[in-house]
Amino acid sequence: MVAIPPTIKIEGFLCNRTCEIMGLAVGIDIGGTWIRVALGNSDAEILRRKSMPVDARSGASLLRQLESLIRFVCAGDLSLVDGIGIGAAGRLNVREGTIVYSPNTSLRDVNVKALEKRLRKPVTLLNDNVAAALAERSIGIGRGLDNLVYVGIGTGIGGGAVVDGRVLVGKEGNAHEMGHMIIDIEGRLECSCGGRGHWEAYTSGSGLPNFAKLLTERYGRNTPFLKEVRSQRIEAKDIFMAARRGDGFAKFVLEESANVNAMAFANLVDLYDPTVISVGGGVALKNPDLVIEPIADRLPKFAFNAPPAVVATPLREDAPLLGAILSVFEPSSCEPRD
Ligand SMILES: [Zn+2]
């Protein structure tokens, strides 16, 4: 006899209906700036969600924030939840369940497995962009594909890869910290991690303003935006706005940025030979015409392997969050193999 799935109703579900659900999971995306939490089912349909800035004052304050957000999206009742999947930025030790170091939040040695005791549910930890790659393979652009790469260009730069159908994980869960790949042998800019010449230091949301400052030396003319960059603190979004206004220097910065991104993507193409590279992250998704399309145009010039399609992720900003939900239902995909 076929088992009848439980029928439950929790007030506040976005679908606002009685849902027949085979399994539920809480997915969490801890990025460089925001934390996103959602209750979802095994098809990664989101039922209830909440986002807020990361409370990075200490590991303890982050754990408190996580617990309260988990309880919120579950409306206080975790009885039907199979587990909690956490996709986190930074260097991890997924065997121990520890965020070892997250440069953009400065969090160190936060053991998220501590939540298992508090909530009595299994907790899976994986890199946020690896989670996104998992989501792409299961429900996104890579559905049915065995080889794909996901790249997130947001506050930082990170990624995940599926090769021959397997999500690559690495010995401790840090298989593709591609944002810390060295793309400048002169190491002119310092990365948020303290290393020099890393990709993230040049074209991520946090890196672009410094890259613009560096490029003021090379640009021969004066423009209103160049003066601004020399005299005040700017943000990445100011560069895109100035380029859209037609400022020559801002356009030059984005051209140079596209070259750097295309070289880094070429490295990924030659490492993983993907059929498709899907691109997410706030900087790319808000400016696909100025970030994603120029990479696709330049890729054939830099890659040795046949260039793949380069597209914006159809899962948008939710790609890591959806992957975190899915990780609960396929934990073996996210574990290191001995
Ligand atoms: Zn770095």
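The values are calculated or read from the model by the stated rules, or taken from the named source; none is laboratory data. All figures in this text were calculated on a predicted structure; none of them were measured in a lab. All Cβ positions, glycine included, derive from the backbone under ideal geometry; neighbour counts span all protein chains shown.
Look at region 191-204: where a residue is on the phi < 0 side of the Ramachandran plot and in the same structural domain as I239 (by TED's automatic domain parsing) and a partner is among the polar types (S, T, N, Q) and within 7 Å of the ligand (Cβ to nearest atom), sitting 6+ places away or on another chain with Cβ atoms under 7 Å, you get E200/S192.
To keep it simple, each residue is scored yes or no on (1) modelled with pLDDT of 95 or more; (2) touching a His at 6+ places or on another chain (Cβ under 7 Å); (3) of a type outside the set (K, R).
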| residue | (1), (2), (3) |
| --- | --- |
| I99 | yes, no, yes |
| N104 | no, no, yes |
| T155 | no, no, yes |
| G159 | yes, yes, yes |
| G165 | no, no, yes |
| G179 | yes, yes, yes |
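Looking at G205, is it assigned to a loop (DSSP other than H, G, I, E, B), away from the ligand (no atom under 16 Å from the Cβ) and touching a strand residue (DSSP E or B) at 6+ places or on another chain (Cβ under 9 Å)? Judged against the criteria, G205 is not a match. Scan region 214-237 for residues that are free of Cβ contacts under 8 Å to residues at least 24 places away in the same chain and buried (at least 16 other Cβ atoms within 10 Å of the Cβ) and jot them down. Answer for region 214-237, where residues must be free of Cβ contacts under 8 Å to residues at least 24 places away in the same chain and buried (at least 16 other Cβ atoms within 10 Å of the Cβ): L226, E228, V229. Per the conditions (1) surrounded by fewer than 19 Cβ atoms within 10 Å (Cβ to Cβ); (2) more than 16 Å from the ligand (Cβ to nearest atom), the sole criterion not satisfied by S106 is (2). Cβ-Cβ distances below 6 Å connect the following pairs, each with a first residue in region 70-97 that is in the same structural domain as V26 (by TED's automatic domain parsing), a second residue that is of a type in the set (S, T, Y), and a separation of six or more residues or different chains: G85/T124; G85/S327; A89/S102; G90/Y101; G90/S102; R91/Y101.
Of the set (1) modelled with pLDDT under 95; (2) farther than 20 Å from R36 by Cβ, all apply to G282 but (2).
Can you name the residue in region 173-195 that is more than 15 Å from the ligand (Cβ to nearest atom) and within 18 Å of the chain's Cα centre (by Cα) and is also nearest to S278 (Cα to Cα) among such residues? Selected residue: A175. Scanning region 110-152 for residues that are of a type in the set (K, R) and at positive phi yields a total of 1.
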